[in-house]
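Contents: one structure, followed by commentary.
The values are calculated or read from the model by the stated rules, or taken from the named source; none is laboratory data. Quick caveat: nothing in here was measured; it's all calculated off a predicted structure. As a convention, Cβ positions derive from the backbone with ideal geometry for all residues, glycine included, and neighbour counts pool all protein chains shown. Each accessible area value is taken on the protein alone, full model and side chains, heavy atoms only, with ligands, DNA and RNA left out. Shrake-Rupley method; radii C 1.70, N 1.55, O 1.52, S 1.80 Å.
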Amino acid sequence: MYGALQDFASGERPHPTMTDVAQSLSLNAMRDVAAYYAMQDLDTPYESAAADARLEPGYEQIVRGGVLASVGDASRGIQACVNCHGPNGRGLPPVYPYLAGQYRDYLEMQLKAFAKGERGGGRLGIMQDIAQRMTTSEIEDVAAYFASVRPVEHPRQSIAADAPPDAGPVQQEARQ
């Protein structure tokens, strides 16, 4: 989250709301926000639990998303999400964020932003390449799947201990 806030503040990851919020935070405040969310209790309710998914309409969509997330589609160059984001989307912080339990709309929005080239996602552009190969239905399926998965363990993101000391709001730092 610390890295994401820095990306929002610098404009590398544009978002109409988050850019303004992140630019108003100092680096220490960004670290504090990231630490706060990393320490949240796992009992926070998620959009839906995998066990309840069978009762909901759209179970087939969750299954299709689970297959793509777990195996990918080699014939179209779509690697499995779990290759980078770990088993059950638990993430491999701080490089690969957790996906399990994220809100469906949020995941869908992020994948579509990658597909349109509106979101970077790192120097290699791996997520842009993968998302551009996915159909809109596949993006929706994968988002539905990860929204239905309850994380097995709490996804704690490490915060850079060597981050520079607070020098005021990021927006002001960029101008200097």
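Would the range 147-154 turn up any residue that is closer than 22 Å to residue 74 by Cα, at pLDDT 80 or above and open to solvent by less than 20 Å² (accessible area, probe 1.4 Å)?
There is no residue in the range 147-154 that is closer than 22 Å to residue 74 by Cα, at pLDDT 80 or above and open to solvent by less than 20 Å² (accessible area, probe 1.4 Å).
Any residue in the range 120-135 that's within 17 Å of residue 75 (Cα to Cα): show its pairings with residues that are open to solvent by 70 Å² or more (accessible area, probe 1.4 Å) and of a type outside the set (Asp, Glu) at Cβ separation under 6 Å, as long as the two are six or more apart or on different chains.
133/76
Pick from the range 62-81 the residues that are open to solvent by less than 40 Å² (accessible area, probe 1.4 Å) and among the hydrophobic types (A, V, I, L, M, F, W, C): which of them is nearest to the chain's Cα centre (by Cα)?
Ranking the candidates gives 81 first.
In the range 84-109, how many residues are open to solvent by 60 Å² or more (accessible area, probe 1.4 Å) and at pLDDT 90 or above?
Residues in the range 84-109 being open to solvent by 60 Å² or more (accessible area, probe 1.4 Å) and at pLDDT 90 or above: 5 in total.
Please enumerate the residues belonging to the range 91-128 that are charged (D, E, K, R) and touching a helix residue (DSSP H, G or I) at 6+ places or on another chain (Cβ under 9 Å).
The answer is 104, 105, 108, 112, 116, 118, 119.
Looking at the structure I just gave you, is residue 112 basic (Lys, Arg), modelled with pLDDT of 90 or more and exposed (fewer than 14 other Cβ atoms within 10 Å of the Cβ)? Break it down into steps so the answer makes sense when it comes.
On the way: basic (Lys, Arg): yes; modelled with pLDDT of 90 or more: yes; exposed (fewer than 14 other Cβ atoms within 10 Å of the Cβ): no.
It is false that residue 112 is basic (Lys, Arg), modelled with pLDDT of 90 or more and exposed (fewer than 14 other Cβ atoms within 10 Å of the Cβ).
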